[in-house]
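The values are calculated or read from the model by the stated rules, or taken from the named source; none is laboratory data. From a predicted model like this one, the values you see are computed outputs, not experimental measurements. When we count neighbours, we look across all protein chains shown, and the Cβ atoms used for this are built from the backbone with ideal geometry, even at glycine.
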Amino acid sequence: MPTPCDTLVTASHILTQNAAREIVTDGAVAISGGRIAAVGPRAELAAAYAPAETVSMGQALILPGLVNAHTHAAMTLFRGLADDLPIADWLHNHIWPVERLLTPEAVYLGSLVACAEMLASGTTCFADLYFFSDQTARAADAFGMRAVVGEGVLDFPTPSAKTPAEALDLSRALFDHLRGHPRLSAMVVAHSPYAASDATLAACADLARRENAVFTLHAAEGVTENADSLKKTGKRVIPHLHSLGILGENCLLAHCVHTDAADLDILAATGTRVAHCPRSNAKLASGTAPVPAMRQRGIPVGLGTDGAASNNTLNLFAEMNGASLTCKLATGDPTAFPARAALDAATLSGAVCLGIPDIGAIVPGGHADLAVLSLARPNMVPFFDAPSQVVYAASGAEVVLTMAAGRVVYRDGRFPDMDVAALFREARDMAVSLAAKRP
Ligand SMILES: [Zn+2]
């Protein structure tokens, strides 16, 4: 007797990202209760399972839903508002002044746009660092996405909190609010060691330990950060964070562009994770993170898009491509960050960075978070090597279906849970009104 299941998704190719990195041809994924029941040849699964629904994708590639390890979703409202500027000018004169005008409603709208953009380009889970983070969680929930969100703690006033103590209170409330949610969870966010004092960083690390949660911050992104840190603390950024007892397996550092061998040894020894944001780093001319040296040391490296003000997309296909190409260019070595490594970073390592073990691969028992790419597009013909096609040929526009926790959340330009035309109108109006109010 065939086993009942909710859904059987079939396609010509499945990129499993399992331990053996198997590619199944003429395959199927059986889904039950939001989890993957089985993956294998279509004929075998069709005989073994009696699905309530079959989704036949034809000439298509099923891959694990991508994991965005670092973003600021609501910053979609500032996409294209200020570009091609030095980072200090960009932050102080453009981004921070408009961010001060943010309201919970604005963050909700901006986050909804971000969720739509991510789902339409195959991302099913994201780590978000921002303000009014409960609104970003609300947006992810409205689309049925998976997300880890955190309220930014800084030493100066934010749109949502006047003091770091207030921001920490909001963080605690976020943990209480999301506890037990099937797809959403909270993390602790300090902006950076330059925007948060040692005491603030220690309080954040303490909260993360109590909640057994990820603690994430920006570190060693800009060219001057190590010199500034040496002046202030006598140590470079990474040794300084280490001396505060912050680094460890629950710590996720974004960027780590300006890290030397000794810094990387510390990250490896402490089990610290890195969210690599190559396109943001390139656009702001921050530099290229030493990703091959990180990988040699076994440091888990996920991929992040960063916010839409500094990228300007939330598309992980562009990020995988950028990660590989910038690395080759910076090292002069075409083998420095191959397609397989970029794909691992956007799937398996992203899952490690976020502390969610059962995403990032299509394996029995894992969450049924999937992206499906049409192979009936000119740039996907022929099809020799799946990782190469995904990283070097695909743009993300080939995504025809996205599934989160076993539910179809995007298909052929449509979102079952959302009238995006109305949303985009509201978001445009909100963005224009915020830009007009800028000092
Ligand atoms: Zn960032």
* Structure fact -> Checked pairs for the range 197-224, first on the phi < 0 side of the Ramachandran plot and in contact (Cβ under 8 Å) with a residue 24 or more places away in the chain, second within 16 Å of the ligand (Cβ to nearest atom) and among the basic types (K, R), C-beta under 9 Å and 6 or more apart or across chains, list as V214/R273; T216/R273
* Any hit, the range 369-385, residues being modelled with pLDDT of 95 or more, under 23 Å from the mean Cα position of the chain (by Cα), part of a loop (DSSP other than H, G, I, E, B) and surrounded by fewer than 20 Cβ atoms within 10 Å (Cβ to Cβ) -> no
* Structure fact -> Scanning the range 63-84 residue by residue, those in contact with a strand residue (DSSP E or B) (Cβ under 6 Å, 6 or more places away or on another chain), within 21 Å of I95 (Cα to Cα) and outside any strand (DSSP E or B) turn out to be H72, A73, A74
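Let me confirm something: among A30, A47, A60, which residue is outside the structural domain of V301 (by TED's automatic domain parsing) and out of contact with any strand residue (DSSP E or B) (no Cβ under 9 Å at 6 or more places or on another chain)? Quick ask: steps written out before the conclusion?
Numbers: A30 fails: out of contact with any strand residue (DSSP E or B) (no Cβ under 9 Å at 6 or more places or on another chain); A60 fails: out of contact with any strand residue (DSSP E or B) (no Cβ under 9 Å at 6 or more places or on another chain).
That would be A47, the only listed residue that is outside the structural domain of V301 (by TED's automatic domain parsing) and out of contact with any strand residue (DSSP E or B) (no Cβ under 9 Å at 6 or more places or on another chain).
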* the range 193-235, residues that are in a helix (DSSP H, G or I) and crowded, with 17+ Cβ neighbours inside 10 Å -> T200, L201, A203, C204, A205, L207, A208, E211, E225, N226, S229
* To do: Just need a number here: residues in the range 102-134 that are closer than 22 Å to F215 by Cα, in a helix (DSSP H, G or I) and more than 17 Å from the chain's Cα centre (by Cα).
  => 2
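Out of contact with any strand residue (DSSP E or B) (no Cβ under 9 Å at 6 or more places or on another chain), more than 16 Å from the ligand (Cβ to nearest atom), of a type in the set (K, R) and not assigned by TED's automatic domain parsing to the domain that holds Q389: does that describe R100? So that I can check it myself, show each step before the final result.
Details: out of contact with any strand residue (DSSP E or B) (no Cβ under 9 Å at 6 or more places or on another chain): yes; more than 16 Å from the ligand (Cβ to nearest atom): yes; of a type in the set (K, R): yes; not assigned by TED's automatic domain parsing to the domain that holds Q389: yes.
When the stated conditions are applied, R100 passes them.
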* To do: From the list N321, N315, N250, N311, pick out the single residue that is surrounded by fewer than 22 Cβ atoms within 10 Å (Cβ to Cβ) and either at pLDDT 95 or above or assigned by TED's automatic domain parsing to the domain that holds P86 (or both).
  => N250
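Kindly provide the set of residues from the range 83-110 that are touching a Phe, Trp or Tyr at 6+ places or on another chain (Cβ under 7 Å) and surrounded by fewer than 18 Cβ atoms within 10 Å (Cβ to Cβ), ordered by number.
Hit for the range 83-110 is P104, nothing else.
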* When the range 333-349 is examined, which residues are found to be assigned to a loop (DSSP other than H, G, I, E, B) and either surrounded by fewer than 24 Cβ atoms within 10 Å (Cβ to Cβ) or touching a Lys or Arg at 6+ places or on another chain (Cβ under 8 Å) (or both)? -> D333, P334, T335, A336, F337, P338
* Looking at the range 147-187, which of the residues that are in contact with a Phe, Trp or Tyr (Cβ under 8 Å, 6 or more places away or on another chain) and farther than 27 Å from H242 by Cβ is surrounded by the most Cβ atoms within 10 Å (Cβ to Cβ)? -> A147
* To do: With respect to A190, determine if the residue is surrounded by 24 or more Cβ atoms within 10 Å (Cβ to Cβ), among the small types (G, A, S) and in contact with a Pro (Cβ under 9 Å, 6 or more places away or on another chain).
  => yes
* When you go through A60, A50 one by one, which is the residue that is surrounded by 19 or more Cβ atoms within 10 Å (Cβ to Cβ), farther than 24 Å from S349 by Cβ and more than 16 Å from the ligand (Cβ to nearest atom)? -> A60
* Check on V352, in a strand (DSSP E or B) and within 25 Å of N321 (Cα to Cα) -> no
* If we keep just the residues of the range 264-300 that are polar (S, T, N, Q) and more than 14 Å from the ligand (Cβ to nearest atom), which is surrounded by the fewest Cβ atoms within 10 Å (Cβ to Cβ)? -> Q296
